[in-house]
Each structure stands twice: as C-alpha cells, then as structure tokens.
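The next block holds one structure in the form of structure tokens; read it before the comments.
Values in this text are rule-based calculations from the coordinates and carry no lab data. What you see is a predicted model; the values in this text were computed from it and never measured. Here the Cβ is made from the backbone with ideal geometry for all residues, glycine too, and neighbour counts use every protein chain on show.
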Amino acid sequence: MPLNNTNIVSAAQTKFGKLEGITIREMFAEAVDKATVEAGIPKKDIQAAFIGTFIPEMLIHQGHTAPLLIDYAGLRGLPATRHEAACASGATALRAGIMAIESGLYDTVLVAGAEKMTSVSTNKVTEALAAAADDEFESSIGLTFPGVFAIAAVAHMQKYGTTEEDMARVAVKAHYNASTNPLAQFQKEITLEKALTPRYIAWPLKLFDCSPISDGAAAIVLTSNEKAKEYTDLPVKIIGTGQASASMDLCNRIELTSFESSVKASKIAYEMAKLGPEDMDFAVVHDCFTIAEIIASEDIGFFKPGEGAKAVREGITARDGDKPINPMGGLKAVGHPVGATGVKQAVVIYKELIGEAGKNQVPKYDTALMHNFGGTGATCVVNIMRRADA
Amino acid sequence: MNDKSNKPTIEKYKQFIQEGKFRAFKCSDCGAVIAPPLGSCYSCGSSKMEWTEISGKGRLVSFTVIHVAPEEFQDEAPYYIAIIELDEGTRVTARLSGFDPLKPEDVKLGTSMELTFIESPKGRKYLAFKAA
Ligand SMILES: [Zn+2]
C-alpha cells in the first residue's frame, strides 16, 4: 500500500554531546518546544506521541519514559507510547507515527526520541549497549558492540579489499561535515592520519571508527495532507517506509558483508515509493561505525556490493558529490544518543529537503532516504522522503 | 532417561559447554544441526529438537580482536572472537585459541579449525577453536 497522507511539518534537535547538568526531560522538552510552539504549531494540536528511548532503565534508572517525558514537555494526558529497538528506537517510533496518520486515527502527532548517556561511567554505558546484542550466546563470551562491526569489517576487507584507510576516510568526511553543524558533538575536522591513529577498540576498528557516547533529543511533527497546509507551504512527505529484522547473533547470518535487514527494508521502502536508488538525491545512513556506513551505502543500493569504499575514496559520498551520505556529519561526528538518533536522521532529511541546512546544504535536494539500524542489525528501518512540491 | 528429560534446552546447552562438551540441537524432522539453539528449524519449520554430537571441525568465517572489553572480561583482553562454520553447516560464535592477539594480520579466513575450550581466570569455559 502506498503512503499518501504523511507529512513532516516541523523538525528539531537539541545539541548532541555531553550535555552537563541537563536531564533527559529537559532536553526532550527543548526539542519538543522547537518542533511545536517555536515552529508555529500549538501543543494543543498534538493528539498522540510516539517516543524512542533505548535503555534508560540501565542508564538513568528510569522506565515508562513516554508519559514521563511528554508530561515535562507540556503534553500531559496524551496517549504516549515508548518504542524500543536499540539504535533504531527512534525510527520505529516514527513508523508508529506514520501508521497512526495513514490509518486516519489522528491528524497530528509528535514523534520524538531522547537518551541521556553521559551521566554514568563508560563501563556502565558499554554494559548497557551490550544489552542490544545476544546476551546468552555472544555477549557472554566477550563479544562487544564494536566487535560485531569489526567482524563485518574483516569479512568485507577479505571479500572486497576494503582497507582501514577507506574506513578512516568515512570518519574524515563525517568530521568535515560536522565542522559546520552547530549542533554536532565534534565540530572539528580531522586528518586522515589522525583517523588512522592505531588505538584499537576491536581490531580492525580504531577509536575514530566509532561513534561517541552522547546526550540529546530530537522531535518532529507529522500531520495529514489537510492539516499540513495550516502549518507550512513546504511539507516533506514520507512516501515509502520499510522495516525488517534479522537474527540478533552474527553466527546466524548467511552474509557478513551485507546486512539482510537493510536490504529487505530498503526494498520494501523503494517499492512503496515506486522509486529506486537512482532517484535518491542523498541519504542519511546509520554510521555507528565507519564500516557500517560503507556497508549501508551498498545495502540501500547506492553502490554495488563491494563498491562502497571506492565511492568514499572518490568523493561520491561527500557533501558536494553525486550521492552525498550523512551531509550533516552522521552519528560518527554529530553524536549518537541512541533513542534520539532515528528521529534526528529524519530532522536532517527534513532540513536538507526544505533547503534549510545552511552550510551543510546538499546541491540536489528533492528526494532522500534515511536508514536507521538497531543494535547488531537485528532491526532496520528505511524511510523515503520527498518535498511536497518536488 | 525418558523423552521429556532429554528435550534439549538452552540451559543444558550452556551447561554442556561448562563441562567441556559441545552438543548441538538437531531437528528431529529434517536432521538439520542447530547451534546456538533455536526453537524452530529454519530448514523445515519443525519445533521438534533432539541432541546431537558434533564433529568439532569447521572453518574460520571472520573474526575480531577485542581490545576494549566489558568490565567482566577486562583482564582477558586482547582476545579473539570468531565466527566458525562447522562441517555440519551451522555457524557458532566462539573464542580462538593459539593465535597471537597482536598479530591479527596473520590470521587467514577459511583456515580449518577444530574445537577446543578456553577457561577464563574466573573458571568459566568458553567455546573455542584452534587451527586444525
Ligand atoms: Zn528441520
């Protein structure tokens, strides 16, 4: 079934990074205010809320976050539900919002995500993140999150000749793009040499191959076609959405050089939108690790399997390239507050598509794809978006 | 032992490893060997499982060396974690034994491997493989 009624009419994020002295409720409320009242959308118009948070139980000893967060943000009383799919929590909340609008149940809903990660020790965060992998059969022998993507990297290097330098180039690009993004955690360029600093986290992945630990929140407002006109002349339509799952553990995957959930979710989204990768002007993909961006760029069909690294080397995925990827800086340099990430990706696409990405504006911006990945790739959500006048 | 008590469970699968034995699930209907355990066979859809012995032979599919480890594994780092495809067709995630963790460049994918076990400083056994 095609999507024909879902519009993004506003989108905002807080700064990502170590937000000292700011709790999850406060950052959530800031994102909501920016996406509602500050964008000319009264809070009383919001009829339901779909919230992504990953693991506040372990990070800040707090469950049942949806009513808690919306209460502080002035939306008390609304139906509010939390969606958890590890790093894809935000995008699964977004899909619930899409379904709520398409079904006709609501005209206007809030989709938001948040995570507070820096108030506990790095060890505690590592332990919390490990909960997104298969505890019984993989984490319990000492496999870590970077380890999962390192195993994929080794397979990709062997099969296609991808190198540590190729991966480092993804980090250099991310930092370059984030250097002009005032909301990014790292607003500083890095050299290739620095990206290659041999501080191994999980060989062959090094410190600069990994996204950081971050705090942050993001929010968007979705409305029906009829209602959208009240808020903006330039809504962004969500025209395709796909979601798929895969085994949690890597040993049950037939392919290690491609993520089957990404391939499936992309196929569903493209078919729904009646478009293909050639129709996408740019993409925002889940670069939790540099290798993840390379593989995602192949899985979404931008490049043939094995040619993702070449595309980075040749600058095709640079902001001014033919197929820009993560033009604002990605998870790698903007930060990765887990529950907020999937919503933030939609914020980035919205800003780019309406031409308000400032110094990070891509040259062509009619249609784009977002790819949000959960945990080891056991969940993937792909959405295709197009500006209403395109 | 009657049928009921011999039904494979995750708990027993893990207990076997602690005893230095590797037993896999086997689909009673099509014979597919399944490890780690699954509640349903992806070859035929059956949920009837029994235990099977495995050869312990396989090949190295991919690997990493964990340098930054969770707290409970910190005194073991750096250590190898690998994906091994068993001759029986199923793949498991396991430790590697007998390879220098500081020379991962020397490890070749596709290498023939055989089953062994590694014991952690705290006395926990991990499923592990060494070059055959
Ligand atoms: Zn079977």
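Odds and ends about this structure:
- Spatially, segment A:262-330 and segment A:130-196 are offset by 16 Å when compared through their Cα centroids.
- Across chain B, the relative contact order, built from alpha-carbon pairs under 8 Å that are at least six residues apart, equals 21 percent.
- For A:GLN47, distant residues with modelled amide H under 5 Å away: A:THR108, A:VAL109, A:LEU110
- Note that segment A:345-356 has calculated 3J(HN,Hα) couplings of 4, 5, 4, 4, 5, 4, 4, 5, 5, 8, x, 10 Hz, one per residue in order, obtained from phi through the Karplus relation 6.51 cos²θ - 1.76 cosθ + 1.60 (θ = phi - 60°); glycine and proline are x.
- Cα long-axis angle, helix A:24-35 against chain A (0 to 90 degrees, to the nearest 10): 60 degrees
- Other protein chain Cβ atoms within 10 Å, averaged over every residue that makes up A:144-156: 5
- Here the dipole of chain B is about 320 debye; that uses its Cα centre as origin and unit charges on the Cβ of Lys and Arg (positive) and Asp and Glu (negative).
- Phi-based couplings in Hz for segment A:97-111 (Karplus 6.51, -1.76, 1.60; Gly and Pro marked x): x, 4, 5, 5, 6, 4, 6, x, 5, 10, 9, 9, 9, 9, 10
- Proximal lysines to B:LYS108, defined as alpha-carbon separation beneath 22 angstrom and excluding residues fewer than eight positions away on the same chain: A:LYS159, A:LYS206, B:LYS57, B:LYS130
- In segment B:57-131, the alpha-carbon atoms span a convex hull of 84 Å³ per residue.
- 3J(HN,Hα) along segment B:115-132, derived from phi through the Karplus expression 6.51 cos²θ - 1.76 cosθ + 1.60 where θ = phi - 60°, amounts to 5, 8, 9, 10, 9, 6, x, 8, x, 8, 8, 10, 4, 9, 10, 10, 4, 7 Hz, with x in place of Gly and Pro.
- Only aspartates and glutamates eight or more places from B:LYS26 in sequence, or on another chain, were considered; those with a Cα closer than 12 Å are B:GLU50, B:GLU53, B:GLU88.
- Only one residue of A:ASN360, A:SER258, A:MET58 has its Cα farthest out toward the positive end of the dipole of chain A, where Lys and Arg carry +1 and Asp and Glu -1 on Cβ, and that residue is A:ASN360.
- When each of the peptides A:372-378, A:319-325 is scored by how many other beta carbons lie within 10 Å of its residues on average, the order from highest to lowest is A:372-378, A:319-325.
- Histogram of C-alpha separations across the protein assembly as shown, 20 Å bin width, %: 24, 53, 22, 1
- Over segment B:4-53, the hull volume per residue, using the convex hull of the C-alpha atoms, is 65 Å³.
- Separation of the alpha carbons by more than 30 angstrom is noted, of A:LYS116/A:LYS310; A:LYS34/A:LYS332; A:LYS116/A:LYS194; A:LYS116/B:LYS122; A:LYS116/A:LYS188; A:LYS15/A:LYS124, for A:LYS116/A:LYS310; A:LYS116/B:LYS122.
- Sorted on the mean count of surrounding Cβ atoms within 10 Å across their residues, most packed first, peptides A:270-280, A:21-31 read A:21-31, A:270-280.
- Binning all Cα-Cα separations of segment A:202-252 at 5 Å, short to long from zero, yields these whole-percent fractions: 4, 10, 11, 10, 14, 16, 11, 11, 7, 5, 1.
- DSSP bridge pairs, chain A: antiparallel proportion in percent, nearest 5: 75 percent
- Amide H within-cut-off set for A:GLY52, under 5 Å, with H built and near neighbours excluded: A:HIS83, A:ALA112, A:GLY113, A:ALA114
- Peptide B:56-66 has a mean of 6 when you count, residue by residue, the C-beta atoms of other protein chains within 10 Å of its C-beta.
- For chain A, the longest principal axis of the alpha carbon atoms and the long axis of helix A:164-178 meet at an angle near 30°.
- Relative contact order, whole percent, for segment B:57-131 stands at 31, derived from Cα pairs under 8 Å and 6 or more residues apart.
- Which of A:GLY97, A:MET157, A:VAL125, positive extreme of dipole for segment A:82-163 (C-beta unit charges): A:MET157
- Student exercise, segment B:4-53 dipole from Lys, Arg, Asp, Glu Cβ charges, in Debye to nearest 20: 120 debye
- Shielding value for B:71-84 is 4, the average number of Cβ atoms from other chains within 10 Å of each residue's Cβ.
- Per-q log10 I(q)/I(0), segment A:168-297, q = 0.09, 0.12, 0.13, 0.17 Å⁻¹ (Debye; single scatterer per alpha-carbon; no solvent): -0.39, -0.69, -0.80, -1.17
- Order by protection proxy (mean Cβ within 10 Å, highest first), peptides A:187-199, A:37-49, A:149-161: A:149-161, A:37-49, A:187-199
- Mean-position separation - Cα centroids, segment B:63-88 and segment A:1-59, in angstrom: 38 Å
- When +1 charges are put on Lys and Arg Cβ atoms and -1 charges on Asp and Glu Cβ atoms, the dipole computed for chain A relative to its Cα centre reaches about 480 debye.
- Dipole axis of chain A (+1 Lys, Arg; -1 Asp, Glu on Cβ), positive-most option in A:ALA283, A:SER297, A:ALA228: A:ALA228
- Database remark: amide H of A:LYS206 closer than 5 angstrom to the amide H of A:ILE201 (H placed geometrically; neighbours at sequence offset of 5 or more, or on other chains; Pro and chain starts carry no H).
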